[in-house]
Every structure is written in structure tokens, then in C-alpha cells.
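This report refers to the structure that appears directly beneath it.
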Amino acid sequence: MTAEIIDGKAIAKQVREEVAQEASALDANGVTPGLATVLVGDDPASHVYVRSKRKACAEVGIKAWDHDLPASTPQAELVELLDRLNADPQVHGILVQLPLPEHVDEQVVLDRVDPAKDADGFHPYNLGRLLSGEPVVAPATPAGIQELLIRSNVETSGAEVVVVGRSNIVGKPLAALMVQKGPGANATVTVCHTGTRDLEMHTRRADILVAAIGRAKAITGPMIKPGSAVIDVGINRTDDGLVGDVDFEAASEIASAITPVPGGVGPMTIAMLLRNTVKLARRTMGQPG
Ligand code: GUN
């Protein structure tokens, strides 16, 4: 069997086109959606992500404000900046790129973002709304994975979804999203992590396997159920270039659908961030998200 490739780049392009139309409709009503990005320090991967996000904003008609701060920026200064952005009516979305430098308490910073401007959906209020099944905006990577599944016609209702990795950015919010009653969800979800006793026993049962581990090719062929859909969230820089968390060659002989790296989940994360920003802008006009 050779798996169908789920083309995240093409699907993200569709989403971006929809977002551009919505942004233009808002603009015609006098509201230009605005996203402020806050990047602290010199992490090369973060710089790459943030540059892509800013470029994508320009392409869909979202105004971007770039705040690039040195790694030595005191936490108090970061909090002050967030207070200013919270108060700025032109800013509808705020994104604080993670990870932050070690001397900064990430939770203090994420808590400071006005939940109504939380483009990443990382504020505890928004995570609570997600858990209760009434999300305002959902974290971009999990939302992007759900959108990929919907637009690739992968049945999620009743499916065994196994997520490997319990990060706050991907694993945990994805589990909260997929377990809800509703389209693109209604799944039976298992979250595996470093404490999982027999990982392969779980992954081999997965109709939809999501790898968000952060280790190159950690998911090998024998761990995959024949005919399943495999979603690879990993981006690992190796001597062979960028590779995912899944052994793509082996997996594509076993699965029925698989996302490539690059060109799978990555472009969707950015597209969903743009969609979240426009949604938050629309809400300031009293329109539902
Ligand atoms: N770092 C890695 N992924 C993300 C993301 O989706 N949002 C933010 N803000 N930081 C990240």
C-alpha cells in the first residue's frame, strides 16, 4: 500500500484564501485585523517561524506589528509590553513565540495576554473554554491538524486517535479538541508520553496516529496500524535535512494517508493562527467568531 499524501501546503493555501476574504470584508467595514508578534531572544527556529508568520499576515491582509526583543529582556518589561498591546485597539491578536528565555516565567507571560486577544489560545481561560467544548480560539497546531483531517475526509467520529506527546502546545489541546462531540472530532483519544508503558501497543491500535514527540523518526513502521492516517507534527533538523517524528518511507507503505515533513502540519499552524486573528478581530465588532 502506498499512502495518500495529505498536502498541508495546498490545504493551508485554501484556508489562507478564505481568511484573506474575511480580512478584506472586515477591512471594508473599517477594521483591519492586526496581529502583534513578540519574539524574545535568538532561537533560530523561532526566528524562522515568526518570519513565516509575519509574511503570511501581509499576504492575507492582516497588519503585523513586530516586537523583537533581546534575550536579556527582563520579565517586567515583557509584561509592560503586553499591557500596552492589550490596550491598543488596533491589535486584535497577540502571539508570544515560545520558548521564552529561562529567566522568564512562561506562565506569567501567557496569563498576561488579554484572553480576547490570545491568537494562540494558550491563555488558561481559552484552554478552559476548549476543554468545555466552547472554544473561542483553539491552539493553532491542534486546530490545523483537525482541519487537515476534515478536509482530507479522514473519519474521526468513533475513531481511535492516539496522540504521542503531551505538550501544552500540541498533545494536550489536541486531545481536548478531538474528544468533543462534533464534526472533525467525537474520537476515542489516548495520549501517550514518556510514562507510557507499552507505546507500540497503543500506536498499533490507532486509526489516526499523531506524532508530536520532537524526536526524528521515533515512530517506525511496526508501530503503525495498516490503513491508518498518520499525522506528523515533528520538525527535526538532522544531517539528512528536516525530518519528522515518523519514519516516512516505512509509514507510507503501511498507512492509507500521511502528512509529509515539511509541507504537512507546519503550513496549517500558520494558516490557523491567521484564522484565529481574524476571528478575534470580528469579535471586537460584536460579530460571532
Ligand atoms: N512555539 C512552537 N510552536 C508555537 C506556537 O504554535 N505558538 C507559539 N507562540 N510559539 C510556538
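The values are calculated or read from the model by the stated rules, or taken from the named source; none is laboratory data. The structure presented is a predicted model; accordingly, all values stated were derived computationally and were not measured. Cβ atoms come from the backbone with ideal geometry, glycine included; neighbour counts cover every protein chain shown. Just the protein is used for accessible areas: all its heavy atoms, side chains included, with ligands, DNA and RNA removed. Shrake-Rupley method; radii C 1.70, N 1.55, O 1.52, S 1.80 Å.
Here are some notes:
- Boolean, residue 275 is within 30 Å of residue 20 (Cα to Cα), open to solvent by 40 Å² or more (accessible area, probe 1.4 Å), of a type in the set (Lys, Arg) and within 16 Å of the ligand (Cβ to nearest atom): yes
- Per-region count, segment 128-147, residues buried (at least 20 other Cβ atoms within 10 Å of the Cβ) and either among the basic types (Lys, Arg) or away from the ligand (no atom under 15 Å from the Cβ) (or both): 1
- Hey, residue 89 closer than 22 Å to residue 23 by Cβ, more than 16 Å from the ligand (Cβ to nearest atom) and over 12 Å from the mean Cα position of the chain (by Cα) or not: yes
- Failed item, numbered, when residue 47 is tested on (1) in a helix (DSSP H, G or I); (2) open to solvent by less than 70 Å² (accessible area, probe 1.4 Å); (3) within 28 Å of residue 125 (Cα to Cα); (4) in contact (Cβ under 8 Å) with a residue 12 or more places away in the chain: (4)
- Breaking point among (1) over 12 Å from residue 280 (Cα atoms); (2) crowded, with 19+ Cβ neighbours inside 10 Å; (3) more than 13 Å from the ligand (Cβ to nearest atom), for residue 72: (2)
- Meets criteria (at pLDDT 95 or above and not in a helix (DSSP H, G or I)) for residue 137: yes
- Counting the residues of segment 235-269 that are in a strand (DSSP E or B) and buried (at least 18 other Cβ atoms within 10 Å of the Cβ) gives 4.
- Those residues of segment 192-234 which are farther than 15 Å from residue 259 by Cβ, of a type in the set (Ser, Thr, Tyr) and open to solvent by less than 40 Å² (accessible area, probe 1.4 Å), in sequence order: 196, 203
- Subset of segment 19-31 [touching a residue at least 60 places away in the same chain (Cβ under 8 Å) and either in a helix (DSSP H, G or I) or touching a strand residue (DSSP E or B) at 6+ places or on another chain (Cβ under 8 Å) (or both)]: 19, 22, 23, 26
- Criterion violated by residue 205 - all others in (1) closer than 14 Å to residue 251 by Cα; (2) of a type outside the set (S, T, N, Q); (3) in contact with a Lys or Arg (Cβ under 9 Å, 6 or more places away or on another chain) satisfied: (1)
- Qualifying positions in segment 148-174 - touching a residue at least 60 places away in the same chain (Cβ under 8 Å), away from the ligand (no atom under 16 Å from the Cβ), of a type in the set (Val, Ile, Thr) and surrounded by fewer than 22 Cβ atoms within 10 Å (Cβ to Cβ): 154
- Just one of the listed residues (114, 83) is at pLDDT 95 or above and within 16 Å of the ligand (Cβ to nearest atom), namely 114.
- Filter result (within 16 Å of the ligand (Cβ to nearest atom), crowded, with 18+ Cβ neighbours inside 10 Å and without any contact (Cβ under 8 Å) to a residue 60 or more places away in the chain) within segment 55-66: 64
- Of all residues in segment 92-111, those that are within 13 Å of the ligand (Cβ to nearest atom) and assigned to a helix (DSSP H, G or I) total 3.
- Subset of segment 32-44 that is out of contact with any strand residue (DSSP E or B) (no Cβ under 6 Å at 6 or more places or on another chain) and in contact (Cβ under 8 Å) with a residue 12 or more places away in the chain - its residue that is nearest to the ligand (Cβ to nearest atom): 43
- Residues in segment 252-289 that are among the small types (Gly, Ala, Ser) and either in contact with an Asp or Glu (Cβ under 8 Å, 6 or more places away or on another chain) or farther than 16 Å from residue 209 by Cβ (or both): 256, 257, 263, 264, 266, 271, 281, 286, 289.
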